[in-house]
Structure formats: structure tokens, C-alpha cells
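**Student:** After the C-alpha cells below, expect a handful of questions from me.
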Amino acid sequence: MSKTGIETPWRVPVAVAQIAETGLHRDIEADQAIRKAVADVGGLREVLSAQASFDVTPKSGGRVHVAGYVRARIGQTCVVTLEEIESDIDEPIDLIFAPPEQIPQMAALVDEAEKSDELTPDPPEPIENGMIDLGRVATDALYLAVDPYPRKPGAVFEPMVEAADPEDHPFAALKVLKTAPKKSGTRKPKGK
């Protein structure tokens, strides 16, 4: 389980201390058990395939650049027809990881950049216990790429239209009172 309390179903840790100066390349693929766990945690019907490719490059100050992509085929349910559908995900990944003590300082720089007209960089991710978990990076990118309202191609939502009942309007009750027969002879005239 990660610091955020969310289960990390796909774990591929890389020790920062073991990354060569020239960097490293990793291709990873989720097996059936991992795909099932990723689907369960992500609220997906199924994950049919999931693989990722990463280039991990050390930078100055103990920071690490992680670039690559995650590709997956997922099963979901169409929000219109409720039929099972499959979707492809091809999500690029471009992140900077930094030692935890640098995160507040770098986040402040991001906040300053947001106030200007410059392109705002993403804040860095923390290096946790000297490790970067490429499986978690791939899983997070996959989840972010999932369409929360998947539709089968050509499916169009058409709300049910009911014909208006001519007797169903705000004054229908008054109309009934107006057309109801009047009772006779039960009242006595005033003053007699």
C-alpha cells in the first residue's frame, strides 16, 4: 500500500542508487494476476493487457527523469447501452522524481510559475526510500487515461419522451371543481 492509502497492484521498484550515469531502459508487462488487481483497484471490468516502457535518467541534485508510455486494453461498460466494450490506452509519461527534502522547494517554484504566463511544469514526485516504483507510475498513468464515461461507438443517449397528458396541468384540480355538480337545498338563507 502506498503513502496515499491506495493499494498499488503493480510494483516494479528501481533503486535510484543503482541507476547508471547513462540511465537505464525498462520494458514491463503485467501478468494476469496483476491485470486483475489493476482492474479491481481501478474499478474496471477487466484489463486485457498492460505494458509500459521507460527510460530512467539521473539528473543533477539527485533528481531522476522518467519518460516513456503505458499501453493497455481495458474492458468497461458503455454508459448508454450498458454493453461490454473494450478501449485502448496509449498514454505518454514524462515525470521528474526528486528526493523528498527537495519537494517543498520545487513545489514553490511550480507555484510561482503558475502565477506567470509561462508553461507550468508539474511538481516532482518524491523518491520514496531511495526507490522509484515504475509499476506504480504505469498504473497511475493508466488510471488517468481511463474514460470515466465510456461509450460504444455510435451510441447516443436519447431521453425517454412521454406525451403530455392534457388533463395534467396546474389548473386541472380547479377545472374539476368548476365542472362538478352543485349540491342543492342543504343551506339555509341568511337572516331567516
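The values are calculated or read from the model by the stated rules, or taken from the named source; none is laboratory data. From a predicted model like this one, the values you see are computed outputs, not experimental measurements. In this analysis, Cβ positions are derived from the backbone assuming ideal geometry, glycine residues included, and neighbour counts consider all displayed protein chains.
**Student:** Read through the list (1) surrounded by 13 or more Cβ atoms within 10 Å (Cβ to Cβ); (2) modelled with pLDDT of 70 or more, then give the number of the only condition that D122 fails.
**Tutor:** Only one criterion in (1) surrounded by 13 or more Cβ atoms within 10 Å (Cβ to Cβ); (2) modelled with pLDDT of 70 or more is unmet by D122, namely (1).
**Student:** Consider Q76 against the criteria (1) in contact with a helix residue (DSSP H, G or I) (Cβ under 6 Å, 6 or more places away or on another chain); (2) over 28 Å from E101 (Cβ atoms): it satisfies all of them except one. Which criterion is unmet?
**Tutor:** The one condition Q76 does not meet is (1).
**Student:** While we're looking at this one, here's another question. Output the number of the condition that I34 fails; it satisfies all remaining conditions of (1) at pLDDT 95 or above; (2) in a helix (DSSP H, G or I); (3) over 30 Å from P153 (Cα atoms).
**Tutor:** (3) is the only condition that I34 fails.
**Student:** Sort out which residues of segment 37-50 are in a loop (DSSP other than H, G, I, E, B) and of a type outside the set (D, E, K, R), and write them in order of number.
**Tutor:** Residues satisfying the conditions are G43, L44.
**Student:** Additional query: Mind counting the residues in segment 15-57 that are of a type outside the set (S, T, Y) and over 26 Å from the mean Cα position of the chain (by Cα)?
**Tutor:** 10
**Student:** So, one more: Could you list, in sequence order, the residues of segment 139-159 that are without any contact (Cβ under 8 Å) to a residue 24 or more places away in the chain and in a loop (DSSP other than H, G, I, E, B)?
**Tutor:** Listed by number, the residues that qualify are P148, P153, G154, E158, P159.
**Student:** Only one of these conditions is not met by I74: (1) β-branched (V, I, T); (2) farther than 30 Å from I19 by Cβ; (3) outside any strand (DSSP E or B). Which number is it?
**Tutor:** (3)
**Student:** Select from segment 59-68 the residues that are buried (at least 17 other Cβ atoms within 10 Å of the Cβ) and in a strand (DSSP E or B) and list them in ascending order.
**Tutor:** V64, V66, G68, listed by residue number.
**Student:** Considering each of I96, I85, I103 in turn, give the residue that is hydrophobic (A, V, I, L, M, F, W, C), outside any strand (DSSP E or B) and surrounded by 16 or more Cβ atoms within 10 Å (Cβ to Cβ).
**Tutor:** Testing whether each residue is hydrophobic (A, V, I, L, M, F, W, C), outside any strand (DSSP E or B) and surrounded by 16 or more Cβ atoms within 10 Å (Cβ to Cβ) leaves just I103.
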